[in-house]
Amino acid sequence: KLFPAQRRERNPPVLASFAAMAIFLRLLAFAAMLASAAAGAGFSSEACTEMFATMKKLGGPVPPGEGVAGCIEVCSMVKEFKDYWGTSHIEMSEFVCAKGKLYGCVWAGAPPKTLAASVAEPT
């Protein structure tokens, strides 16, 4: 028979494995989204960086015809992951920031937020 303190210690590994599985599934979804976005015409990290540079320069949405399908979705996922990890897991946070930088992520707002401004904010 386990003492109460021992019972409490047995549950965290179970909870940690559920959390790890949830993280894995989210990363898998992220990879699937990247793959499906890459199938779209014109999608690339360079095209996204150019689109987001235009968004930042204009201070708002890009003109019709200059948007690149998949870029907003990729950067939305980057922001979601960054918000989720915050500063609690440095390696994951750095990984997510590297992906955001690769695509030149900028988020809508007045003025649009860059990755650097987003990272500087407490999560």
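The values are calculated or read from the model by the stated rules, or taken from the named source; none is laboratory data. This structure is a prediction, so every number in the text was calculated from the model and none was measured. The protein model used for the area step is the full one, side chains on, heavy atoms only, and it has no ligands, DNA or RNA in it. Shrake-Rupley method; radii C 1.70, N 1.55, O 1.52, S 1.80 Å.
Numerical summary
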item: Residue-by-residue Karplus 3J(HN,Hα) for the stretch 108-113, coefficients 6.51, -1.76, 1.60, Hz, glycine and proline x; result: 4, x, 10, x, x, 8
item: Ranked order, Tyr103, Tyr84 - accessible area, probe 1.4 Å, largest first; result: Tyr84, Tyr103
item: Heavy atoms of Glu80 accessible to a 1.4 Å probe, total area in Å² rounded to 10; result: 80
item: When each of Lys57/Lys79; Lys79/Lys99; Lys79/Lys101; Lys57/Lys113 is checked by Cα-Cα distance, pairs over 18 Å; result: Lys57/Lys79
item: Sequence-distant residues sharing a close amide H with Val106 (under 5 Å, placed H); result: none
